[in-house]
Amino acid sequence: MTLEQLGRLSNYSVASATVVLALAFLAYAAQWSLARNVAMTKVLAGGEDVSLEESEVKADRSDAAGGIGFSLTVLAEVILIIGVVTRGLSAERVPWGNMYEFGIIAIAVALAAYLLLVKMWDIDWVGALVTLFAMVVLGSTMLFVYVPPGPLVPALDSYWLVIHVVAAIVAGSAFLVGATASVLYLVKARAERLTPEDQRTGFLWKMPTSGAIDQVAYRVHAFAFPIWTFAALIAGPIWAQAAWGRYWGWDAKEVWAFITWVFYAAYLHARATAGWRGKAAAILALVAFGTFMFNYIGVNLFVGGLHSYAK
Amino acid sequence: MSDTDTSELSPLEFLRWGWRQLTSMRTALSLLLLLAVVAIPGSLLPQRGVDARAVEAYLNDNPKIGPILDKLGMFSVYTSPWFSGVYLLLMISLVGCILPRSRVYYRALKARPPKAPKNLTRFPASIEFVTTSSPEEAMSAARRALGRARVDVVERDGSHELSAESGYLREAGNLVFHISIVVVLVGVAMTALFGYRGAAIVAEGDRFSNVLTQYDEFGSGALFDRDKLPPFSFNLDNFSATYQVDGPQRGAPLSFEATGTVSDGVDGADKDFSIRVNHPMKVGGASVFLVGQGYAPVIKVTNPNGDVVFDEPVPFLPADPSYTSNGVVKVAEAEPEQLGFQGFFLPTFIQGNDGATRSAFPAPYAPIIGLFVWHGDLGLDKGIPQSVYVLDKSNMTQYMDDKDPKKGYRVSLQPGESQTLPDGHTIEFVSLKQFARFQIASVPGVEIPLIGIVLGLIGLIGSLSIKPRRTWVRARRENDSRTVVQVAVLDRVPRVDLPADLDRFIQRMQEPLQLSEEGDV
């Protein structure tokens, strides 16, 4: 295949992956809505209750929809990986040299993290949020920041591109999974406070307890934070020292990487501080993810600076 | 604490109260968040330390709000009193947190695991089972299953009790992480105090000597002696740039390289050098980085008598990826009036349908300069340092077009061409050179923050992954054939999957034991 053909194949793959993700999201949404009237435990109060059977059928349908969602997410991931690999082949370099490529590979890694964690900790309950977010990011990178495959700008031509950017991608993907878990923690914790025992029906009550969700969120963040520390505060400064002659220069990207780091540090501290545990900590994690996304979108497109490799 | 009436405290008590407030976790957390918030303006507004020219441009464009923001320190956020204030408070709070926790940790290291509480089955993660093995066997099985924990076994009131504590390294990691943040901050301060950094534009064929006057920008730490710049110099012989010539990324830069000769010391021998992006040159304790490039047309101005009054390469600063560049030529020796030119340079000009010229490619395939001309006083004698890239037009008048007096008189030249100006001077675009923008920096002690942050990362990983756990086992012989074993675990960081961990522990522990037919009680 020629480089142009590979580039086209990559574009088609990324577009197809977006469509498949949309279908996966619909399946996950169906998983939620089909479970609307399903109670927490299938057997509510023994006896000849007709609605019980109905409820069981619905629960089965809900599970089936969830299974379809998972399979479609696997399919989307496979197609997306093809898209990322062919992109790298067509540009003849690592496929993370600009904003578009960072977006698609970060989503590929985030989906991989999600699929892995479904296998490890059964976290398919974040599926709807993860696929929705992935679909939106993929779709908008294609629409707004697409660039044809090409060579790297000289400033990026360094092995630190692999070390620094891969660490940022891995951390960012884990932050995404952590953020979805934090959102669901907030939803679930609120529901646990406000919903009387006898009204606890629907998908929300098939999910783990808020405590278990909080723990998933914490573990993912605790995994991501050291990697982010490495990406933003070790690998970044070493490369900056080699490329620009200063290891830290308060470039807009650096400032926001630092802000993200501080917010995640605050999240980890908040979980150990009376009065901040739970809700406040989860909100901090979401704000932190917001600063990460602003660094990716806002700083690249609107602020500029030394790191502006957006296009 | 907040309900304490501080007015009745003695000064010492007040200090102690203030210290406790400052070093409390809640305050540390608030300061951390505050630090993130106060860092934001510096990323949205231009900063003097990063790009002084952008600050001047911002002040020009925003005459009303600009000076107010300037007074607030918004253009040098990271050296402003309020930013420094927040981070100094955070430092103090950090130290105030580290010291007592180190003391507590030191004591904990020497202490034995806490005695088993009376009723182990009251713990949320606890279990009771029956074995035919002896209590001693149960104890040794538990000990083996615990692995590397610190374990105490005692016999009390006829029952064997085991207390174990593991995960001491978690707090060690925590302390290492926080201490290394202090190391990083101290290291950063040191490199800033003893280091220097400057930037210089050097055209092909020109020589740079490492003295203050040769720098366009220069900044150094308070403890750096500006007269002690290491003596070195280098000659930029050639600058080469390559660009993608076809495909959708046409015009994208591929490589930049500056080559020439360098001599270290006052009279060192000349050695060849090559500087590329990401590949600086080390000389005289400093590093020379290639951070920018552009074009420097060689301009010659001749007066009506034929004497050359100006002849040198003039750097035009690139404004976009296709190197549409802007520049200023100041001819101070023109008489009777000084001349000033301001305009653009295009490396490969094309004429659009609207008649406007623009640059189509960054390499110089069809270079052109277009200049407007002013005459009068350049203002160079006022004693105020002037930027070479800004023309002070306050005492100058623009030459206007003969046919259309609303339009400025224009000079438009390709290499080798010349044009005679209304006052009889002649301007010639002699040839085209490239310039390189070098950053020259010395950062002594840069290893300190690096070592600090690497240690910090190791500590951080430890503090996030190690589980601090207490385990208690109590075994009591009930009659000759059965031993009742109670096990409880307690995590000092609450976790929901503790029961699962307990199950795994029990499995490991029960392996060598003879379980009673009764099984779990």
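The values are calculated or read from the model by the stated rules, or taken from the named source; none is laboratory data. As the structure is a prediction and not an experimental result, all values here were calculated from the model. Counting neighbours? That spans all protein chains shown, and the Cβs are built from the backbone with ideal geometry, glycine included.
Per-structure values
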| read-out | value |
| --- | --- |
| Region B:216-238: number of residues that are under 21 Å from B:F256 (Cβ atoms) and of a type outside the set (D, E) | 4 |
| Close pairs from region B:443-459: first over 15 Å from B:V188 (Cα atoms), partner among the hydroxyl-bearing types (S, T, Y), Cβ under 7 Å, at least 6 apart | B:L455/B:S180; B:L457/A:T229; B:G459/B:S180 |
| Those residues of region A:234-256 which are closer than 17 Å to A:F294 by Cβ and either among the basic types (K, R) or surrounded by fewer than 23 Cβ atoms within 10 Å (Cβ to Cβ) (or both), in sequence order | A:W250, A:K253 |
| Of all residues making up region A:1-22, the number that are more than 18 Å from A:I105 (Cβ to Cβ) and part of a helix (DSSP H, G or I) | 6 |
| Residue count for region B:247-276, restricted to those that are within 14 Å of chain A (Cβ to nearest Cβ) and on the phi > 0 side of the Ramachandran plot | 2 |
| Residue within region B:153-162 that is assigned to a helix (DSSP H, G or I), touching a residue at least 60 places away in the same chain (Cβ under 8 Å) and aliphatic (A, V, I, L, M) present | no |
| Members of region B:113-145 that are in contact with a Leu (Cβ under 8 Å, 6 or more places away or on another chain) and more than 19 Å from B:S481 (Cα to Cα) | B:A116, B:F123, B:P124, B:A125, B:S126, B:I127, B:A142, B:R143 |
| Some residue of region A:148-159 being buried (at least 23 other Cβ atoms within 10 Å of the Cβ) and at pLDDT below 90 | yes |
| Wholly within region B:1-100, helices (runs of 4 or more DSSP H) carrying at least 1 residues that are out of contact with any helix residue (DSSP H, G or I) (no Cβ under 6 Å at 6 or more places or on another chain) and within 14 Å of chain A (Cβ to nearest Cβ) | B:25-39, B:41-44, B:52-61 |
| Filter result (of a type outside the set (D, E) and within 20 Å of B:D206 (Cβ to Cβ)) within region B:243-268 | B:F256, B:A258, B:T259, B:G260, B:T261, B:V262, B:S263, B:V266, B:G268 |
| Members of region B:332-348 found to be free of Cβ contacts under 8 Å to residues at least 40 places away in the same chain and part of a strand (DSSP E or B), listed by number | B:F344, B:L346, B:T348 |
| Matching residues, region A:187-215, being surrounded by fewer than 19 Cβ atoms within 10 Å (Cβ to Cβ), more than 14 Å from chain B (Cβ to nearest Cβ) and not in a helix (DSSP H, G or I) | A:T195, A:P196, A:R200, A:T201 |
| From the options B:V309, B:V331, B:V291, B:V301, residue that is hydrophobic (A, V, I, L, M, F, W, C) and touching an Asp or Glu at 6+ places or on another chain (Cβ under 7 Å) | B:V309 |
| B:G198 touching a residue at least 60 places away in the same chain (Cβ under 8 Å), of a type outside the set (A, V, I, L, M, F, W, C) and not in a helix (DSSP H, G or I) | yes |
| Total residues in region B:277-317, condition within 14 Å of chain A (Cβ to nearest Cβ) and either surrounded by fewer than 18 Cβ atoms within 10 Å (Cβ to Cβ) or among the aliphatic types (A, V, I, L, M) (or both) | 11 |
| Verdict on B:A222 being within 30 Å of B:R508 (Cβ to Cβ) and touching a helix residue (DSSP H, G or I) at 6+ places or on another chain (Cβ under 9 Å) | no |
| Criterion (within 9 Å of chain A (Cβ to nearest Cβ), closer than 24 Å to B:R122 by Cα and not hydrophobic (A, V, I, L, M, F, W, C)) met by exactly one of B:D501, B:D491, B:D497 | B:D497 |
| Enumeration of residues in region A:105-157 that are within 14 Å of chain B (Cβ to nearest Cβ), of a type in the set (V, I, T) and under 20 Å from A:L186 (Cβ atoms) | A:I123 |
| Condition check for B:D501: in contact (Cβ under 8 Å) with a residue 40 or more places away in the chain and of a type outside the set (G, A, S) | yes |
| Residue tally, condition crowded, with 22+ Cβ neighbours inside 10 Å and within 17 Å of A:Y159 (Cα to Cα), over region A:86-97 | 4 |
| Count - residues of region B:349-374 that are touching a Ser or Thr at 6+ places or on another chain (Cβ under 6 Å) and not in a loop (DSSP other than H, G, I, E, B) | 5 |
| Residue within region A:269-277 that is assigned to a helix (DSSP H, G or I), surrounded by fewer than 20 Cβ atoms within 10 Å (Cβ to Cβ) and among the aliphatic types (A, V, I, L, M) present | no |
| Within region A:280-304, considering residues that are farther than 24 Å from A:A110 by Cα and more than 8 Å from chain B (Cβ to nearest Cβ), the one surrounded by the fewest Cβ atoms within 10 Å (Cβ to Cβ) | A:F302 |
| Options B:L169, B:L212, B:L223; residue that is surrounded by fewer than 18 Cβ atoms within 10 Å (Cβ to Cβ), closer than 30 Å to B:P468 by Cα and not aromatic (F, W, Y) | B:L169 |
| B:S180 under 54 Å from the mean Cα position of the chain (by Cα), in a strand (DSSP E or B) and crowded, with 20+ Cβ neighbours inside 10 Å | no |
| Counted residues, region A:224-256 - those being more than 7 Å from chain B (Cβ to nearest Cβ) and at positive phi | 0 |
| Matching residues in region B:235-273 - criterion: being more than 30 Å from A:V147 (Cβ to Cβ) and at pLDDT 90 or above | B:N235, B:L236, B:D237, B:N238, B:T259, B:G260, B:T261, B:V262, B:S263, B:K271, B:D272, B:F273 |
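Residue-wise test of (1) within 24 Å of B:E217 (Cβ to Cβ); (2) surrounded by 16 or more Cβ atoms within 10 Å (Cβ to Cβ); (3) hydrophobic (A, V, I, L, M, F, W, C); (4) touching a Leu at 6+ places or on another chain (Cβ under 9 Å).
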| site | (1), (2), (3), (4) |
| --- | --- |
| B:S359 | no, yes, no, yes |
| B:I369 | no, yes, yes, yes |
| B:W374 | no, yes, yes, yes |
| B:Q386 | yes, no, no, yes |
| B:P405 | no, no, no, no |
